[in-house]
Amino acid sequence: MGDTRLPLLAEAPTTYEPLLSWVEEVAELTKPERIHWVNGSEAEYRTLTDELVAAGTLTRLNPELFPNSFAAFSDPADVARVEEQTFICSENERDAGFTNNWMEPATMKGKLAELFDGSMRGRTMYVIPFVMGHLDAEDPKFGVEITDSAYVVASMRVMARIGTDVLERIEETGAFFVPALHSVGAPLEPGQEDVPWPCNPEKWIVHFPEERSIVSYGSGYGGNALLGKKCYALRIASVMARDEGWLAEHMLILKLTSPENRVYNVAAAFPSACGKTNLALLDPTIEGWKVETLGDDITWMRFGKDGELRAVNPEAGLFGVAPGTGWGTNPNAMRAIAKGNSIFTNVALTDDGGVWWEGMTEEVPTHLTDWQGNDWTPDSGRPAAHPNSRFCTPIDQIDMLAPEYFAPEGVEVHAILFGGRRKTTIPLVTQSRDWAQGIFYGATLSSETTAAAAGAVGVVRRDPMAMLPFIGYDAGDYLNHWVRVSAKANPARLPKIFLVNWFRRTREGGFAWPGFGDNARVLKWAIERIEGAADAVETPIGFVPTPASLDLTGLGMTEDEVQEAVRFDAEEWKAEVPGLEEWFERFGGSLPESLTAELESLKSRLA
Ligand code: GDP
Ligand code: PGA
Ligand code: MN
């Protein structure tokens with residue numbers, strides 16, 4: 001190490017120059033009190049969480065109920081991703097496309113340099129080496145996050161592979177790493193007392209796609225601050241994938257085994273808070289079908305040497321929406337959570353030192369401390385847990401985790417589902433006629449907004465491939481990339497594509513389909529379609545099930561009730577067309593021609 005190094009770097013466990021010089025540059029700018037190089041060990045985790053408990057950021061839960069688990073309560077203004085403040089700063093504005101906020105990189109860097117100047121004063125700066133995907137992958141994707149939040153360090157340890165092994169591998173192989181800089185933007189003056197959840201009213205989540213770098217300021221919330229997740233594994237990875245010929249997608253992936261022991265891997269793209277984690281951990285209500293989890297949020301896919309589509313999950317943990325996750329709806333998630341080692345954010349506390357959220361148990365506790373620290377009773381008239389409260393749990397605590405999760409080469413994908421939250425129009429399940437129509441399903445996917453992002457909830461918006469907030473470049477180029485990479489496929493091994501909607505409503509306003517474990521019936525139908533065994537009705541939008549073609553054993557619904565969930569409604573679809581046309585116009589010519597052709601042929605079939 002040269003003598004010109006900052007004294008703060010004296011303890012650096014590496015001589016890797018690209019890393020040292022970046023860490024030094026950041027330390028000089030942000031002026032932390034000390035630097036901690038994260039090794040990822042259990043002892044380190046214990047120390048960090050002890051400190052977070054002492055600081056009031058974490059509350060230790062009753063170890064008899066939730067061993068080695070903690071609850072965090074955020075600032076009430078820092079509870080979700082902030083899409084308005086999320087930027088793709090490509091060199092040319094055109095490359096960010098109409099779905100992203102853009103600012104000239106130099107202007108943005110100037111702004112960030114001012115904000116980060118002294119932003120870590122009085123705090124520890126943590127350096128977290130991490131890898132998304134497997135350390136033993138053919139082309140491992142490294143990153144280093146610098147953060148001044150110990151909560152972020154503890155959460156990153158659950159969500160990604162971090163620490164000494166990763167640092168050594170980066171150094172040994174001279175690998176590129178994505179520099180990912182995060183600050184809560186709350187420096188401490190000498191003697192100033194800290195708050196439990198430091199953050200800044202001003203928030204910036206910024207990506208420089210050509211440099212492959214990330215800068216996040218002002219928020220401590222997961223999707224804004226755990227930079228390996230949405231920022232790297234989706235926004236930056238989607239750009240890497242475009243340049244390297246693969247796909248980085250907002251998808252769960254599950255392994256389905258039929259009663260005849262045939263294995264099918266199913267990937268599914270749903271927007272945030274639209275059912276990925278629940279489907280990935282599905283507990284089937286039909287006999288003989290087995291589901292195992294591979295991933296619940298992000299899937300990286302590439303076409304293999306035999307033209308098959310192969311998928312891996314780059315993450316190591318679950319960052320799941322707590323409300324609605326319960327012993328009745330998602331027992332597999334509940335069992336994983338009950339093993340402990342979890343960090344909960346913005347859930348409610350029970351009087352015996354456990355956690356609770358809406359939907360966790362059928363019986364509602366008579367008294368709780370709500371996510372804002374107030375007394376809560378069932379007649380308080382407000383939710384006890386924030387609607388976007390989360391559990392953060394190691395993925396290997398899932399009993400039903402598929403062994404292939406650990407395989408760097410991933411699994412072959414046999415079916416892809418696109419889905420969203422729509423009260424009307426979209427049937428329970430529709431099979432596309434072919435791959436091109438399947439891409440059209442993805443390109444025109446729509447969903448009502450949820451609490452996972454700041455802003456209004458329940459507004460229908462187009463969300464292409466469930467990637468609207470996560471495409472790191474021009475949306476039309478992104479759809480073109482899907483068309484182009486899939487041209488490398490073995491046509492016989494292209495996955496079959498389905499459009500699904502667990503959220504359709506009846507005329508009375510209830511859900512038309514019970515969802516959760518009963519979604520196994522839809523998966524079974526999809527597999528039987530692939531095998532050529534299940535009946536379907538051909539409609540202008542593709543093939544929908546006849547009620548009798550779905551396995552309804554033990555469901556307790558009449559065929560008429562099922563018909564309401566699966567029916568194709570020509571009037572609703574005619575009303576949908578102007579919205580589709582407007583959506584395609586917004587791409588301003590960068591859309592693949594095959595998609596414009598699909599829309600024209602849909603219109604003529606509907607006429
Ligand atoms: P993710 O953010 O896409 O992983 O979504 P989650 O699986 O965490 O689910 C988000 C919300 O949707 C939770 O409140 C779930 O209870 C609810 N949900 C998930 N699957 C279903 C379903 O099949 N039917 C209904 N009605 N709600 C569901
Ligand atoms: P999700 O992602 O909502 O897709 O689960 C978490 C987040 O970053 O908000
Ligand atoms: Mn999820």
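At a glance:
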| item | result |
| --- | --- |
| Residue satisfying all of: in segment 254-274; within 23 Å of Ala451 (Cα to Cα) and buried (at least 24 other Cβ atoms within 10 Å of the Cβ); nearest to ligand 3 (Cβ to nearest atom) among these | Ser272 |
| Every residue from segment 56-100 that is touching a Gly at 6+ places or on another chain (Cβ under 9 Å) and over 21 Å from Val158 (Cβ atoms) | Glu64, Asp75, Val82, Glu83, Glu84, Gln85, Ile88, Ser90, Ala96, Gly97, Phe98, Asn100 |
| Residue in segment 392-403 that is outside any strand (DSSP E or B), touching a residue at least 24 places away in the same chain (Cβ under 8 Å) and more than 24 Å from Asn278 (Cα to Cα) present | no |
| Close pairs from segment 131-153: first over 21 Å from Gly185 (Cβ atoms), partner among the basic types (Lys, Arg) and crowded, with 20+ Cβ neighbours inside 10 Å, Cβ under 6 Å, at least 6 apart | Val131/Arg161; Met132/Lys141; Gly133/Lys141 |
| Restricting segment 288-311 to residues that are part of a loop (DSSP other than H, G, I, E, B) and of a type in the set (A, V, I, L, M, F, W, C), the residue that is surrounded by the fewest Cβ atoms within 10 Å (Cβ to Cβ) | Trp289 |
| Given (1) in a loop (DSSP other than H, G, I, E, B); (2) among the hydroxyl-bearing types (Ser, Thr, Tyr); (3) crowded, with 24+ Cβ neighbours inside 10 Å, index of the condition Thr285 fails | (3) |
| Qualifying residue in segment 476-488 (condition: away from ligand 2 (no atom under 16 Å from the Cβ), under 30 Å from Ser549 (Cβ atoms), surrounded by fewer than 24 Cβ atoms within 10 Å (Cβ to Cβ) and without any contact (Cβ under 8 Å) to a residue 24 or more places away in the chain) | no |
| Test result for Ile497, touching a Gly at 6+ places or on another chain (Cβ under 6 Å) and crowded, with 20+ Cβ neighbours inside 10 Å | yes |
| Test: residue in segment 331-346 that is closer than 30 Å to Gly373 by Cβ, of a type in the set (S, T, N, Q) and away from ligand 2 (no atom under 16 Å from the Cβ) | yes |
| Filtered residue count, segment 273-291, keeping only those that are in contact with an Asp or Glu (Cβ under 8 Å, 6 or more places away or on another chain) and either without any contact (Cβ under 8 Å) to a residue 40 or more places away in the chain or more than 9 Å from ligand 1 (Cβ to nearest atom) (or both) | 5 |
| Failed criterion for Glu202 (all others in (1) more than 15 Å from Phe470 (Cα to Cα); (2) not in a loop (DSSP other than H, G, I, E, B) hold) | (2) |
| Wholly enclosed strands (runs of 3 or more DSSP E) of segment 1-80 bearing at least 3 residues closer than 22 Å to Phe116 by Cβ | 34-37 |
| Members of segment 255-282 that are over 14 Å from Asn332 (Cβ atoms), of a type in the set (S, T, N, Q) and either away from ligand 2 (no atom under 16 Å from the Cβ) or assigned to a helix (DSSP H, G or I) (or both) | Thr257, Ser258, Asn261, Asn265 |
| Selection within segment 551-575 - at pLDDT 95 or above and touching a Leu at 6+ places or on another chain (Cβ under 8 Å) | Val562, Ala565, Val566, Ala570, Trp573, Lys574 |
| From the options Arg60, Arg46, residue that is touching a helix residue (DSSP H, G or I) at 6+ places or on another chain (Cβ under 7 Å) and basic (Lys, Arg) | Arg60 |
| Of all residues making up segment 296-322, the number that are more than 12 Å from ligand 2 (Cβ to nearest atom) and within 18 Å of the chain's Cα centre (by Cα) | 8 |
| Segment 554-596, residues that are in contact with a helix residue (DSSP H, G or I) (Cβ under 8 Å, 6 or more places away or on another chain) and aliphatic (A, V, I, L, M) | Leu555, Val562, Val566, Ala570, Val577, Leu580, Leu591, Leu595 |
| Residue satisfying all of: in segment 565-607; among the polar types (S, T, N, Q) and surrounded by 12 or more Cβ atoms within 10 Å (Cβ to Cβ); nearest to the chain's Cα centre (by Cα) among these | Ser590 |
| Hey, Asp351 surrounded by 23 or more Cβ atoms within 10 Å (Cβ to Cβ), among the charged types (D, E, K, R) and either within 30 Å of Asp75 (Cα to Cα) or within 15 Å of ligand 2 (Cβ to nearest atom) (or both) or not | no |
| Filter result for Gly353 (under 29 Å from Thr285 (Cβ atoms) and either more than 16 Å from ligand 1 (Cβ to nearest atom) or in a loop (DSSP other than H, G, I, E, B) (or both)) | no |
| Test: Arg521 is exposed (fewer than 15 other Cβ atoms within 10 Å of the Cβ), of a type in the set (Lys, Arg) and away from ligand 3 (no atom under 16 Å from the Cβ) | no |
| Qualifying positions in segment 573-593 - assigned to a helix (DSSP H, G or I) and of a type in the set (Phe, Trp, Tyr) | Trp573, Trp583, Phe584 |
| Residue satisfying all of: in segment 538-549; out of contact with any strand residue (DSSP E or B) (no Cβ under 8 Å at 6 or more places or on another chain) and within 21 Å of Arg422 (Cα to Cα); surrounded by the most Cβ atoms within 10 Å (Cβ to Cβ) among these | Pro547 |
| Residue check for Phe66: under 24 Å from the mean Cα position of the chain (by Cα), at pLDDT 95 or above and of a type in the set (A, V, I, L, M, F, W, C) | no |
| Residues of segment 78-97 satisfying the condition of being over 20 Å from the mean Cα position of the chain (by Cα), surrounded by 14 or more Cβ atoms within 10 Å (Cβ to Cβ) and not charged (D, E, K, R) | Cys89, Ser90, Ala96, Gly97 |
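Conditions (1) assigned to a loop (DSSP other than H, G, I, E, B); (2) of a type outside the set (D, E, K, R), marked per residue:
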| residue | (1), (2) |
| --- | --- |
| Val178 | no, yes |
| Gly185 | yes, yes |
| Pro196 | yes, yes |
| His207 | no, yes |
| Glu210 | yes, no |
| Val215 | no, yes |
| Arg235 | no, no |
| Arg242 | no, no |
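Every residue, every condition in (1) touching a His at 6+ places or on another chain (Cβ under 9 Å); (2) closer than 30 Å to Ser342 by Cβ; (3) surrounded by fewer than 24 Cβ atoms within 10 Å (Cβ to Cβ), yes or no:
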| site | (1), (2), (3) |
| --- | --- |
| Gln397 | no, yes, yes |
| Met400 | no, yes, yes |
| Thr425 | no, no, yes |
| Leu428 | no, no, no |
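The values are calculated or read from the model by the stated rules, or taken from the named source; none is laboratory data. Since the model is a prediction, treat every value here as computed from it, not as a measurement. Neighbour counts run over all protein chains shown; Cβ positions are idealised from the backbone, glycine included.
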